[in-house]
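The values are calculated or read from the model by the stated rules, or taken from the named source; none is laboratory data. What you see is a predicted model, and the numbers here were worked out from it, not measured in a lab. Counting neighbours? That spans all protein chains shown, and the Cβs are built from the backbone with ideal geometry, glycine included. To get the accessible areas, we keep the full protein, side chains included, count just its heavy atoms, and leave off ligands, DNA and RNA. Shrake-Rupley method; radii C 1.70, N 1.55, O 1.52, S 1.80 Å.
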Amino acid sequence: MTEPIVKIRGLKKNFGQLEVLKGIDMDIEPRQIFALIGASGSGKSTLLRTINQLEEVTEGEIWFDGELVNQKLPHRQRERHLNQLRQNIGMVFQHFNLFPHLTALENVTLAPVLLRRSSKTEAIEQAKILLDKVGLADRADYYPSRLSGGQKQRVAIARALAMTPKLMLFDEVTSALDPELVGEVNRVMKELAQEHMTMIIVTHDLRFAEDVSDHVVFMADGLVAEQGPPSQVFRAPQEERTKAFLQQVFED
């Protein structure tokens, strides 16, 4: 048995008096494609953001690649710890977060040069390969303002991959896109899945989740309500809350 690359135990997250995560236990294995589904407000995105410490944990533990993620450290040590962590965990957000004053190529090369101390030449060569991988070799010199939403999101994926992460987090990456652009982003994510990149995907696109993932977690009210292989969760759910959620979504 391999050790889980992500191990979560007793995870709680409060925002003031509001309990968003109420005690999450979860294991993600290397090369696993993990889909988090559930209604808005169920805690999916918050859970994702705690893994790379964009949100601090209220209680519990998150382990990544054998190291405690949410360890208490003096400020300077914590900054080093977080930099190291985020070099190994790529994250793609709903709203791209590209630097508007940099071209697609420059967006992708920035982090390897600054954080990995890659040479500019090496970073540019790698960025060209990644932009080609996401179907944007001909847009390398375009600024974000000249790119469609789907193209921006694919640049954002290439930028995350440029750090050669061990884990990729996708937080509702197609929810801000026009429907006709969703497919081009999902296609890139599906290719990564076929390459066995370890991925955690928060999505409302249940058909995509069923198609691409090998493990599905249904969250409700800050808890894991049901989990299992996609065939079980989507086709033979055990919990009434899961059944009600799926019925509502598929009726919509």
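Which is the longest stretch in the chain that no exposed loop site breaks, taking sites as GluC sites (Glu not before Pro) with a DSSP loop state and at most 14 other Cβ atoms within 10 Å?
57-194
Tell me, what HN-Hα J-couplings in whole Hz come from the Karplus equation 6.51 cos²θ - 1.76 cosθ + 1.60 at θ = phi - 60° for each residue of segment 149-165, using x for Gly and Pro?
In residue order, the calculated couplings are x, x, 5, 4, 5, 5, 4, 4, 5, 4, 4, 5, 5, 4, 8, 6, x Hz.
Work out the length of the dipole vector of the chain about its Cα centre, built from +1 on the beta-carbon of each Lys and Arg and -1 on the beta-carbon of each Asp and Glu, and round it to the nearest 20 debye.
880 debye
Per residue, what accessible area does the chain have, given a 1.4 Å probe and all protein chains present, in Å²?
50 Å²
Please work out whether segment 23-73 counts as rounded, prolate or oblate from its C-alpha gyration tensor, where a ≥ b ≥ c are the square roots of the eigenvalues and a/c under 1.5 means rounded, while otherwise a/b larger than b/c means prolate and anything else oblate?
Oblate, since a/c reaches 1.5 and b/c is not below a/b.
Mind ordering 7-14, 198-205 by average Cβ neighbours within 10 Å, highest first?
With the highest mean Cβ count within 10 Å placed first, the list reads 198-205, 7-14.
Taking the 0 to 90 degree range and rounding to the nearest ten, how far is the long axis of helix 240-251 tilted relative to the main principal axis of the chain, both from C-alpha atoms?
Taking Cα atoms only, the helix is inclined about 50 degrees.
In debye, nearest 20: dipole of segment 63-126 around its Cα centre with unit charges on the Cβ of K, R (+) and D, E (-)?
320 debye
Rounded to the nearest percent, how much of the accessible area of the chain (1.4 Å probe, protein heavy atoms only) is carbon and sulfur?
About 47 percent, which is the carbon plus sulfur part of the accessible surface.
Under a straight-distance cross-link criterion of Cα-Cα below 16 Å, which lysines are reachable from Lys166, leaving out those fewer than 8 residues away in the same chain?
Lys7
Which order do the peptides 148-160, 35-47 take when ranked by the mean count of other beta-carbon atoms within 10 Å per residue, highest first?
Highest-to-lowest ranking by the protection proxy: 148-160, 35-47.
For segment 89-238, calculate the relative contact order in percent as a whole number, restricting contacts to Cα pairs under 8 Å that are 6 or more residues apart.
Relative contact order of segment 89-238: 25 percent.
Enumerate the calculated ³J(HN,Hα) couplings along segment 66-74 in order (Karplus 6.51 cos²θ - 1.76 cosθ + 1.60, θ = phi - 60°), each rounded to whole Hz, writing x wherever the residue is Gly or Pro.
Listing the rounded values in order: x, 10, 5, 6, 9, 6, 7, 9, x Hz.
Select from Leu192, Thr58, Tyr142 the residue farthest towards the positive end of the dipole of the chain; place +1 on Cβ of Lys and Arg, -1 on Cβ of Asp and Glu, and compute about the Cα centre.
The residue sitting farthest along the positive end of the dipole is Tyr142.
Quick check on the chain: helices-only [θ] at 222 nm, where DSSP H runs of length 4 and up contribute -39,500 (n - 2.57) each and the sum goes over total residues. Nearest 500, please.
Roughly -12000 deg cm²/dmol at 222 nm, from the helical runs in the chain.
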